[in-house]
Each structure stands twice: as structure tokens, then as C-alpha cells.
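The values are calculated or read from the model by the stated rules, or taken from the named source; none is laboratory data. These numbers were taken from a predicted model, which means no experiment stands behind them. Counting neighbours? That spans all protein chains shown, and the Cβs are built from the backbone with ideal geometry, glycine included.
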Amino acid sequence: MIISVASGKGGTGKTLVATSLALSLKDAGPVALLDCDVEEPNAHILLKPEIAGREPVNMPVPVVDLDRCTYCGECARVCAYNAIAVLGKHVLTFPQLCHGCGACSYLCPEKAISEEPRQTGIVEWGDAHGVRLVHGILTVGEAMAPPVIRKVKERTGDRPGGIVIRDVPPGTSCPVVEAVQGSDFCLLVTEPTPFGLNDLALAVETVRELRIPCGVVLNRAGIGDAGVEEYCLQERIPVLLTIPLHMEIARLYSRGITLVEGMPYWKERFQRLFDRIKEIVHEGSRSLKR
């Protein structure tokens, strides 16, 4: 089962939930935690893994052979991202705009364009407390996170039948869609404030477009108002777990200690959360068969 932990904004507690859920389920079978927030990965701070391996993430970018090029402009015409331009007798390439689709090299009539790899990040993996952690690190200055996220997702291909938890980037943009795609369920972590409600509504709209069932984890309960709970009731979205605003939880997090390690009684609550997720996914699959 693949569970994504997402939200419409940063700082809501996604990593707190993702790491605690992973540690609570490690005795049930192989568990992998994928930190897909490749711009600011932080699950390793809590899990403290022993890094066992790493690999670069490369993207193919065009290289033009000017001896063969006739400056016809076909490559610039087919590039949807304006990563290549032909100006008179000059060909300009913009590697950071390139999405690596290969259209320019494939459609060049003179076969004057080849591709070379350009590193955009790295992926690292290791074991921590019985949980396999995989995270990606986007190279500083790079704009496109999805290729690194895809490589992070590929690293669990050798563990079929296990539980995969994805710690998703904040927001609702392309990196979030890439990270959530292919999930069986999406946990949306929010806080009971007007800002939390606004961003939760955006996140719900995104996962519904992807046709992925979702539920809510309400973090820092006790502040703000009842707007989030009223919204969930209206939209028929289950609130699966409530985490109160508690000084000890904040203190543990600031010291890099997961919730279930610092307050062990939370382990059972996260296990019940997983059981409820399995029920929702099973009910959804049954309804699709009818």
C-alpha cells in the first residue's frame, strides 16, 4: 500500500506524521519512507539513517552539432518549453528550461542534435530503526523537482508488497502531483486556522482531480477555530487523527525526536490510523467493482 502525506502549505506537520506512521508500522512488514520534498528533505533529521548508497539524477539535454545544422528552426518549433532557439545562424540552448523530452533530437531533419546528461540532483537511501528511508536532494538553483522525485519513487521497486509512505512537498504544484500520483491514499495534514483551511481546500481539489481517496490529520488542535472540521463535515472528508497543540510534542520535534519515540502511546494511535486507511481503500475498491 502506498500512502502519501501531503498538505496545501508547509509547516503543518507532514514529516511529523509520516515518520511516526512509518515507525509505528515497521513490525507489520517492510516499510519504506520516501521523502519527496527534494528541495528541503528533513525526514532524515528525525530518523537518522545510515546512508547505504547514493546515485545522481541526470536529465538529457540537447547538444547541437553546428557542422550538420541547417538552422531550419524545427527544433525550436517543437520545443514546448522554449529550451532551444534559432536566431539566424545561431542556436541557443537553455538547459535549465529543458524537460528532457527528446523531441528536438528526434525530429531534427539533419540529425544534428544529440543529448548529454546533466545532473539535477542526487538520491540517497539507507535504513533507520527498521524503516528504509529514501530521499532526494535537488541541486541548488535547479527549477524542476519532478525528475528527482521520480527517481526517489523508483528506489522502492525492489520491495513489492510492503508499505510505502511518501512525505510530499508542500503546496499543490507539479512536484506535489508527481509525488502523490500512484498512491492508494492521501493523508492531508492541516491546522485549524483560516490559512490551514484555505490550503486544505486547494489540496483536496488536487487529490480529487487525481482520483485518490483522502482523509485529514488535524495537527495543533486547540488553536484557531472550527472552520476545518466544518469544511470536512460538509465535504464528507474523514478526520482520521487529531494531534493537540502540546509543548512536549514541539520540544521533541525541535530535538529531532519522532512523536512515537518520545511519547510511545502514540504508536497505537498511528496503527489505528493505518487500519482506518485500509478500510477506506478497501471500501473504495469494492464500490468500483460494483
Candidates Ala85, Ala76, Ala80, filtered to the one that is small (Gly, Ala, Ser), surrounded by fewer than 23 Cβ atoms within 10 Å (Cβ to Cβ) and assigned to a strand (DSSP E or B): Ala85
Counting only residues that are of a type in the set (A, V, I, L, M, F, W, C) and surrounded by fewer than 17 Cβ atoms within 10 Å (Cβ to Cβ), how many does the range 41-68 have? 5
Only unsatisfied item for Ile223, checking (1) surrounded by 14 or more Cβ atoms within 10 Å (Cβ to Cβ); (2) of a type in the set (Val, Ile, Thr); (3) over 30 Å from Thr120 (Cα atoms), is (1)
Of the residues in the range 102-131 that are in a strand (DSSP E or B) and over 29 Å from the mean Cα position of the chain (by Cα), the one that is nearest to Lys153 (Cα to Cα) is Ser114
First in the range 232-250 and in contact (Cβ under 8 Å) with a residue 24 or more places away in the chain and farther than 17 Å from Cys214 by Cβ, second anywhere and of a type outside the set (A, V, I, L, M) and surrounded by 19 or more Cβ atoms within 10 Å (Cβ to Cβ), Cβ under 6 Å, 6 or more apart: Ile243/Asn219; Leu245/Arg220
Determine if the range 4-27 includes at least one residue that is over 20 Å from the mean Cα position of the chain (by Cα), at pLDDT below 95, closer than 30 Å to Arg255 by Cα and surrounded by fewer than 16 Cβ atoms within 10 Å (Cβ to Cβ). yes
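Has the range 49-62 got at least one residue that is out of contact with any strand residue (DSSP E or B) (no Cβ under 7 Å at 6 or more places or on another chain) and not in a loop (DSSP other than H, G, I, E, B)?
no
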Run down Ile237, Ile249, Ile277, Ile243 and say which single residue is modelled with pLDDT under 95, touching a strand residue (DSSP E or B) at 6+ places or on another chain (Cβ under 8 Å) and surrounded by 13 or more Cβ atoms within 10 Å (Cβ to Cβ). Ile249
Cβ-Cβ below 7 Å, separation at least six or inter-chain, first residue in the range 37-63 and more than 25 Å from Thr93 (Cβ to Cβ), second of a type outside the set (Val, Ile, Thr) and not in a strand (DSSP E or B): which pairs? Asp37/Pro169; Ala43/Ala18; Ile45/Gly256; Leu46/Gly256; Leu47/His129
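Give the residues of the range 246-283 that are under 25 Å from Lys48 (Cα atoms) and of a type in the set (A, V, I, L, M), sorted by residue number.
First, pick out the residues of the range 246-283 that are under 25 Å from Lys48 (Cα atoms): 246-271, 273-274.
Once the filter is applied, which keeps residues that are under 25 Å from Lys48 (Cα atoms) and of a type in the set (A, V, I, L, M), the range 246-283 yields Met247, Ile249, Ala250, Leu252, Ile257, Leu259, Val260, Met263, Leu273.
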Select, from Pro30, Pro117, Pro60, the only residue that is touching a Lys or Arg at 6+ places or on another chain (Cβ under 8 Å) and farther than 30 Å from Phe274 by Cβ. Pro60
